[in-house]
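Q: This structure is in structure tokens; I'll ask about it shortly.
The values are calculated or read from the model by the stated rules, or taken from the named source; none is laboratory data. For clarity, every value in this text was computed on a predicted model and none was experimentally measured. Here Cβ is always computed from backbone atoms with ideal geometry, including for glycine, and neighbour counts include all displayed protein chains.
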Amino acid sequence: MTLTELRYVVALFDTGHFRKAAEQCHVSQPTLSVAIKKLEGELGISLFERSRLRVNSTPIGEQFVTQARAVLREAQILTGVAERGKDPLGTMLSVGAIYTVGPYLFPRLVGQLQKTAAAMPLFIEESYTADLRKKLASGALDAIFIALPFNEPGVVTRAVYQEPFVVLMPKDHPLSKEKAIDPARLADHRVLLLGEGHCFRDQVLAACPGLRDAMGGDLNVGHASLQGSSLETIKHMVASGLGITVLPKSAAATPAQIDHTLIARPFIEPAPSRTVALAWRVSFPRHQVIDLLTQALEQ
């Protein structure tokens, strides 16, 4: 049974005449007639009752035509999928990013993609590294922006940019007098951190080990007793005078309403930093899209 034979059957059902069905299918009448007769032989049933004036479908033939139409519709959908596959920029792209990257990367990325691939539908999502890892592996996301290191079987990573950490504080804070901050100095102050599950929290603690040491390893007491759910929340907490914080440089820009109250200071060299990378499955076939994502961040 072939799709061509199914088209012949549907055409004969619709026209009720071999000649008209053959014309509709752009084949000779004998070709269509022989193909349908062959199909009936293979199935062991009669799809049509033939007479000199008209061809009528049998009851089982009518049911067969209904299913044949459904199969032909699905085949057309599959053809469309394949055609879209020829244009990697014409199919939906699903991209994820960790919470501390997404808000500062996506606005720029989406803006550039609108210029270079306006016809490509885009879905974006922010989440924790662990959740993004699972969705990438399952195919729910095509690519994700994460902080290195990131090791996952069957996944390729490409570093897209590196950014230093900075200390954000009220303008009247004692550390504001310093041109660059020694990470060891942070242990003497209340440092506001992201909650558990955020990889950036772990990166800050690795860059400033004195924080953990000063609190005896318990980050729920002492200077770091306040935790925020997002970097934006923490920035407003700093503006309220609740402490200072460490941010990736891309997140240090503050809203106009709090800009006059806060100041950012770099760390002394070698300054702690993070490398943001794009990760995708080895089997992901749309290599042009990966290049487009990385190029968009270079603009």
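Q: Could you check the range 171-194 and list, in sequence order, the residues that are touching a residue at least 60 places away in the same chain (Cβ under 8 Å) and surrounded by 19 or more Cβ atoms within 10 Å (Cβ to Cβ)?
A: Residues satisfying the conditions are HIS173, ILE181, PRO183, LEU186, LEU194.
Q: May I ask you to say which residue of PHE64, PHE106, PHE150, PHE145 is modelled with pLDDT of 90 or more, assigned by TED's automatic domain parsing to the domain that holds ILE45 and buried (at least 16 other Cβ atoms within 10 Å of the Cβ)?
A: PHE64
Q: Sticking with this one: Restricting to the range 145-170, what's the tally of residues that are part of a strand (DSSP E or B) and within 22 Å of the chain's Cα centre (by Cα)?
A: 11
Q: Pick out the one residue from LEU205, LEU211 that is surrounded by fewer than 19 Cβ atoms within 10 Å (Cβ to Cβ) and either closer than 30 Å to HIS260 by Cα or not aromatic (Phe, Trp, Tyr) (or both).
A: LEU205
Q: If I ask for residues that are farther than 20 Å from GLN288 by Cβ and either among the hydrophobic types (A, V, I, L, M, F, W, C) or touching a Pro at 6+ places or on another chain (Cβ under 7 Å) (or both), which ones from the range 107-139 would you list?
A: Scanning the range 107-139 gives ALA130, LEU132, ALA137.
Q: Moving to a separate point now. Give the number of residues within the range 290-299 that are touching a Ser or Thr at 6+ places or on another chain (Cβ under 9 Å) and surrounded by 16 or more Cβ atoms within 10 Å (Cβ to Cβ).
A: Matching residues across the range 290-299 total 2.
Q: State which residue pairs qualify: first residue outside the structural domain of LEU72 (by TED's automatic domain parsing) and within 18 Å of LEU72 (Cβ to Cβ) and inside the range 16-40, second residue part of a helix (DSSP H, G or I) and of a type in the set (Gly, Ala, Ser) in any location, beta carbons under 9 Å apart, and separation of 6 or more residues or different chains.
A: none
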